[in-house]
Structures are given as structure tokens and as C-alpha cells.
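The values are calculated or read from the model by the stated rules, or taken from the named source; none is laboratory data. Treat the numbers as computed from the prediction; the structure is a model and nothing was measured. Positions of Cβ are generated from backbone atoms using ideal geometry, with glycine treated the same way; all protein chains shown enter the neighbour counts.
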Amino acid sequence: MKLYSYWRSTAAYRVRIALNLKGIDYETVPVHLVKDGGQQHTAEYQAINPQGLVPALELDDGTVLTQSMAILEYLQETVPEPTILAQELDTRARERAFAQAIVADIHPLNNLRVLNYLKQEAGWNADQVQRWYHHWLHAGFAPLEQQLARRDTAFAFSDGPGIADICLVAQTYNAHRFGLDMNPYPTILELEKRCLKIPAFDKARPENQPDAAG
């Protein structure tokens, strides 16, 4: 498999974690989202993913999958063990909802395309963009913190890491990167610390990627 990835991409980070947890070997193909105007905009990459986004996962037969959550579901369905979804159906629904609160409600408002638009088209300065970023992170993390504080499992929804943990860890990386005050979220920090002790998570860290700081 080939994973078209950018080391700082939150969505690509999710897929790297899942691939590692499943024990699936893959080749990383870097797609630099900033250099040369963004390699995701080249005709070569858009022939792979017309959306011009990462990640894209190319299977051994040449099939290309896009959108991180669809890729995670594919990996779960094709390699069921170790599972990244809770066993009970109602818990799975709540776990998926938690993950979607991150990938649909937090991440889209703070991804590169939106931040670039605010700077380049709306004329916002760096302080204004950071306030925007922090506002939506706080709005998203506050209810997630409440949910996690009530849990009775080692990880977000079970005693092993799942899609909720995968999405949370990837998002907390960006929160740290952009200087968010994480003191209001001790449970999130506790869970992040627990996950990053797992080799599959540690190997997937942005700073551990072949294109890190490139």
C-alpha cells in the first residue's frame, strides 16, 4: 500500500495510527501541502485524488481510497482485529459520534484551506487567525472533555484504543502546535498521554515521519 501523506496533516495522522494499530505495512509518499504552492494542487496528485487533499491510500491493486474516516472504516472491515471500534452497537454509535465531533465539527474549521482563506482573502492577521483557531478548539474540546471524564474504560470507549482515540490524539497535536491552553482539558491530556505510549501511536507522530520538517 501507498499512503499519500503530509507529516503535519491531522487526517493523514489518523490513518497512520490506524495502519500501525492494524499492523499493515505501507509506503509513505509525501505530498507537501505548503512547498511550491502546495503539491496537492499539481495535476499529478489530482489525478490520484481530485479533491487535492491528503491522505489518499492506494491499495495493492491500484484502487485509491480518500477521506480519512472512510479509510479507517475500510481498514476495520478488511482487517477486523485488532478492532478500532467498540463491541456493542450502541457504544459504536457513540464512538463514531465522538470521532465525528472532531473530524466534522472541529477540524474543518481549522484546516489549512480555511486558515489560508482567512489570511489571504479575508485579510486577517496572525493574531486574528489564532483566535479563530482557539475559539473552535475550545468549543469542540469542552464537551468532549465532559464525555471522557464520565467514562469507565481505559480508553475513550473501550479498554483498547479506537477511532475516537485516534481522532482525538491527531487533533490534540494541532492544539499543542497552535499554543492552545490545554489546562481545562485534563482528561483529554491524560488519554493523549496514554495513547502516545503505544508504539503504533508513537510511530505515527508527525515528527517521526520521513518528510518531517521538510
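Brief remarks on what is shown
- Unmet criterion (only one of (1) within 21 Å of L21 (Cβ to Cβ); (2) touching a strand residue (DSSP E or B) at 6+ places or on another chain (Cβ under 8 Å); (3) modelled with pLDDT under 95; (4) not hydroxyl-bearing (S, T, Y)) for Q209: (3)
- Only one of the listed residues (R151, R194, R113, R131) is under 23 Å from G23 (Cα atoms) and either over 14 Å from the mean Cα position of the chain (by Cα) or not in a helix (DSSP H, G or I) (or both). That residue is R194.
- Some residue of the stretch 92-115 being among the polar types (S, T, N, Q), assigned by TED's automatic domain parsing to the domain that holds P184 and at pLDDT 95 or above: yes
- Residues of the stretch 1-27 that are outside any helix (DSSP H, G or I), under 16 Å from the mean Cα position of the chain (by Cα) and within 22 Å of P82 (Cα to Cα): L3 alone.
- For Q87, the conditions (1) in a loop (DSSP other than H, G, I, E, B); (2) without any contact (Cβ under 8 Å) to a residue 40 or more places away in the chain all hold with the exception of (2).
- None of P161, P184 is modelled with pLDDT of 95 or more, part of a loop (DSSP other than H, G, I, E, B) and either closer than 23 Å to P82 by Cα or in contact with a Ser or Thr (Cβ under 9 Å, 6 or more places away or on another chain) (or both) except P161.
- The residues on offer are A70, A93, A122, and the sole one that is surrounded by fewer than 17 Cβ atoms within 10 Å (Cβ to Cβ), under 20 Å from G160 (Cβ atoms), without any contact (Cβ under 8 Å) to a residue 24 or more places away in the chain and of a type in the set (A, V, I, L, M, F, W, C) is A93.
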